[in-house]
Amino acid sequence: MSQATAEVAATSRRWRRFRRNPTAAVGLAIVALVVLAAIFAPWISPYPDHVGAVVNFRARHQPPSAHYWLGTDNVGRDILTRVLFGYRISLILAATVLIFAVPVGVVLGLLAGYFGGWTETIIMRANDIALAIPPLVMALAVTTVLTPSLVHSMLAIAALWWTWHTRLIFSIVRTLRQQEFVEAAKTLGASRFHILFRELLPNCASAILVKTSLDFGFVILVGAALSYLGLGVQPPTPDLGTMVASGADFLPERWWESLFPGAAILVAALGFNLLGDGLRDLFDVESV
Amino acid sequence: MEFVYFLIRRVLWSLLVLIGLSITIFLIARVMPGDPARMALGPRASQQQVQDLKVKMGLNLSLTEQYERFAVGLAHGDLGLSFLTKRPVNDDIRETFAATLELVLVTIVIAFAIGVPLGVVAAVNKDGWIDNSVRLLTIFGAVMPSFLLALLLQVLAGYVLHILPTTGRITPDSPVIANITGLLLVDTLLKGDLAGFWDALRHLFLPAIALSAVTTGQIARITRASMIDVAKQDYVEAARAFGVPDAVRIFKYMLRPAFVPPMTIMGLEFASLIGNAFVVELVFVWPGMASYGVRSILQKDLNALMGVVMISGLFFVVANLSVDVLVGVVDPRVRIRGMRA
């Protein structure tokens with residue numbers, strides 16, 4: 001059997017195991033639904049014009065009904081519509097943060113783990129400092145000194161999020177660097193670049209995948225907490241955390257105004273977490 | 001002795017972390033756009049007033065001189081003056097810090113009291129229905145937005161069932177509690193004030209539960225994994241072969257070494273715990289550092305903000321040092337060999 005067919009066989013075996021793993025399958029299904037909802041929000045939401053600063057006083061504080069499946073908010077906007085569009089903001093935030101934070105964290109972890117010595121000391125001590133700042137507090141500080149906005153909260157979260165990836169990759173690479181395949185590559189005269197990115201990085205891939213999937217959920221939660229505090233996306237842009245905060249004023253009588261957006265955050269975070277958890281079983285990465 | 005050297009090394013590193021943190025937050029507060037004095041005084045203040053405040057706060061000095069002042073102050077435990085209240089930030093934070101500390105400590109107690117037993121029963125019944133339910137529970141704990149859980153608990157226990165107070169630390173107008181440690185649970189007990197103790201405990205209950213959800217889940221998950229690891233060790237198998245009763249084997253031989261990873265995780269989780277405390281404190285109107293921090297942030301009080309960040313960092317560093325000492329107490333091997341740094 002050639003290497004290519006062996007790989008195909010391994011992949012299809014994985015896929016079968018994946019489908020039989022209920023947590024992973026449920027997680028993937030939820031993630032797919034959330035992503036589709038976000039992409040197609042303008043076409044599937046019942047009142048696409050309720051995204052903006054629309055006021056519809058005759059329909060304010062409506063409980064869930066056939067017209068408004070999840071009810072309406074304090075100015076009469078359809079909550080289902082705003083939840084679907086809110087998913088867009090959540091996903092954009094998480095994706096942007098991770099696109100910056102994961103590569104930086106991974107490269108720093110590779111460097112610290114492989115070279116050791118002063119490289120390790122500098123990177124891992126910087127890591128310790130970053131770890132000591134609660135991400136939410138950092139985000140509060142940055143968005144205050146600048147102005148509260150989506151971009152600034154993404155910047156603040158990304159500025160600290162690399163730490164966990166660095167720690168993870170560092171611990172994996174430190175055990176890998178003494179193994180034969182690295183020694184062999186070194187003996188054959190492979191460049192440092194080749195050893196780092198062609199030999200070590202592929203061995204970290206499954207751990208990175210699992211961690212990133214879990215992170216997607218956690219970044220969504222931090223972003224929601226920020227906007228719950230009023231420091232994230234500014235109205236009238238629909239954002240799930242902001243919706244919970246403004247709906248909370250009407251608890252417990254008008255529970256739908258805060259609980260449905262809150263449940264929407266929970267569902268998205270749950271989906272990514274189940275997916276990550278399932279992937280962890282699938283790839284046997286205990287370290288994440 | 002190894003262990004003592006290890007601890008000394010850790011203390012020195014912690015100092016370095018705090019210095020790094022102070023530079024980071026100083027740069028954020030001073031280099032970013034905006035004039036702190038103008039922010040504090042508002043748009044209607046005259047140019048002269050802004051200039052006076054600048055001189056008073058040392059904002060007219062060069063950046064390195066400003067940092068020097070800030071760092072010297074920090075070394076003396078002085079966080080400077082609040083731009084807004086013109087009071088020393090120390091005084092403001094001292095009042096609020098105790099409230100946050102009490103909330104966080106009770107949260108950690110709850111997290112261990114629930115998380116460790118959950119992890120143990122899950123590990124003992126590995127892959128059974130109990131294990132799966134615990135797993136589901138920990139996942140829900142991890143993905144539940146803390147503000148949503150806080151709101152739900154507040155509505156359910158406070159407004160619907162009317163069984164617990166929903167805001168604050170004590171019932172308003174209750175007799176004054178002597179300020180000894182600042183921790184109400186301790187102070188009331190020291191004075192033998194059982195009614196006050198009960199009142200403080202009832203107020204703590206909901207915020208602490210809301211805050212503990214994530215941590216409890218983490219601890220249950222790590223305890224389970226490390227119990228399963230320990231179960232594979234030869235000495236545990238040997239104990240089983242010798243017919244040592246299950247309870248003794250699990251609680252005496254397995255739980256003690258399995259206790260180390262959850263404690264280490266707890267130290268690292270501290271930062272996110274403080275972050276979540278910010279949200280939970282706001283929901284329950286808890287008069288802690290978080291409420292103070294958010295208030296100073298919304299009013300652009302940069303010195304107060306720097307103080308809150310430094311105290312959070314100090315909190316984190318001290319928590320991790322305590323974890324290191326505790327791990328030495330629980331695991332004698334660490335005391336002899338020292339721990340990998």
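Observations on the structure shown:
- The set of residues in segment B:299-309 that are in a helix (DSSP H, G or I) and at the interface with another protein chain (Cβ under 10 Å from one of its Cβ atoms) comprises B:LEU302, B:LEU305, B:MET306, B:VAL308, B:VAL309.
- Scanning segment A:244-284 for residues that are among the small types (Gly, Ala, Ser) and more than 20 Å from the chain's Cα centre (by Cα) returns A:ALA245, A:SER246, A:GLY247, A:ALA248, A:SER258.
- Number of positions in segment B:227-256 that are small (Gly, Ala, Ser) and touching a residue at least 40 places away in the same chain (Cβ under 8 Å): 1
- Selection count where residues are buried (at least 24 other Cβ atoms within 10 Å of the Cβ), out of contact with any Pro (no Cβ under 6 Å at 6 or more places or on another chain) and either of a type outside the set (S, T, N, Q) or facing chain B (nearest Cβ under 9 Å) (or both), scope segment A:234-247: 3
- Which listed residue is facing chain A (nearest Cβ under 10 Å) and either basic (Lys, Arg) or touching a residue at least 40 places away in the same chain (Cβ under 8 Å) (or both), from B:PHE270, B:PHE278, B:PHE259: B:PHE270
- Scan segment A:128-157 for residues that are within 10 Å of chain B (Cβ to nearest Cβ) and assigned to a helix (DSSP H, G or I) and the total you get is 16.
- Selection within segment A:4-60 - touching a residue at least 12 places away in the same chain (Cβ under 8 Å) and among the polar types (S, T, N, Q): A:ASN21, A:THR23, A:SER45, A:ASN56
- B:LEU53 vs. criteria modelled with pLDDT under 80 and either within 22 Å of B:SER291 (Cα to Cα) or hydrophobic (A, V, I, L, M, F, W, C) (or both): yes
- Candidate set from segment A:252-262 (those that are out of contact with any Leu (no Cβ under 7 Å at 6 or more places or on another chain) and at the interface with another protein chain (Cβ under 9 Å from one of its Cβ atoms)); member that is farthest from B:MET144 (Cα to Cα): A:PRO252
- B:LEU136 vs. criteria closer than 26 Å to A:GLY27 by Cβ and among the aliphatic types (A, V, I, L, M): yes
- Helices (runs of 4 or more DSSP H) fully within segment A:1-117 counting 2 or more residues that are surrounded by 18 or more Cβ atoms within 10 Å (Cβ to Cβ): A:22-39, A:79-115
- Filtering segment A:227-235 for residues that are within 19 Å of B:VAL143 (Cα to Cα), out of contact with any Lys or Arg (no Cβ under 7 Å at 6 or more places or on another chain) and in a helix (DSSP H, G or I) leaves a non-empty set.
- Filter result for the condition that a residue is assigned to a helix (DSSP H, G or I) and more than 14 Å from chain A (Cβ to nearest Cβ), over B:ALA213, B:ALA200: B:ALA200
- Condition met for B:VAL248 (over 19 Å from B:LEU118 (Cβ atoms) and of a type in the set (A, V, I, L, M, F, W, C)): yes
- Test set (1) part of a helix (DSSP H, G or I); (2) in contact with a Pro (Cβ under 9 Å, 6 or more places away or on another chain); (3) within 27 Å of B:LEU206 (Cβ to Cβ) - B:TRP286 fails condition number: (1)
- Among the residues of this structure, A:ILE265 counts as one that is crowded, with 24+ Cβ neighbours inside 10 Å and facing another protein chain (nearest Cβ under 8 Å).
- Of B:SER296, B:SER291, all but one fail to be in contact (Cβ under 8 Å) with a residue 60 or more places away in the chain, within 14 Å of chain A (Cβ to nearest Cβ), under 23 Å from B:ALA29 (Cα atoms) and surrounded by fewer than 20 Cβ atoms within 10 Å (Cβ to Cβ); the exception is B:SER291.
- B:THR223 being away from chain A (no Cβ under 11 Å), crowded, with 23+ Cβ neighbours inside 10 Å and touching a residue at least 40 places away in the same chain (Cβ under 8 Å): yes
- Residue check: A:ARG125 meets all listed conditions (1) of a type in the set (Lys, Arg); (2) within 14 Å of chain B (Cβ to nearest Cβ); (3) touching a residue at least 12 places away in the same chain (Cβ under 8 Å) but one, namely (3).
- Segment B:24-34, residues that are more than 24 Å from the chain's Cα centre (by Cα), at pLDDT 70 or above and not aliphatic (A, V, I, L, M): B:ARG30
- For segment B:226-277, a tally of residues being exposed (fewer than 13 other Cβ atoms within 10 Å of the Cβ), charged (D, E, K, R) and part of a helix (DSSP H, G or I) returns 4.
- Residue match in segment A:173-192 (condition: assigned to a helix (DSSP H, G or I), surrounded by 21 or more Cβ atoms within 10 Å (Cβ to Cβ) and among the aliphatic types (A, V, I, L, M)): yes
- Where B:ARG44 falls short, out of the listed (1) exposed (fewer than 14 other Cβ atoms within 10 Å of the Cβ); (2) within 14 Å of chain A (Cβ to nearest Cβ): (2)
- Conditions (1) among the aliphatic types (A, V, I, L, M); (2) more than 9 Å from every other protein chain (Cβ to nearest Cβ); (3) under 24 Å from the mean Cα position of the chain (by Cα); number of the one not met by A:ALA184: (3)
The values are calculated or read from the model by the stated rules, or taken from the named source; none is laboratory data. Note that the coordinates shown come from a computational prediction; the quantities given were computed from them, not determined experimentally. In this analysis, Cβ positions are derived from the backbone assuming ideal geometry, glycine residues included, and neighbour counts consider all displayed protein chains.
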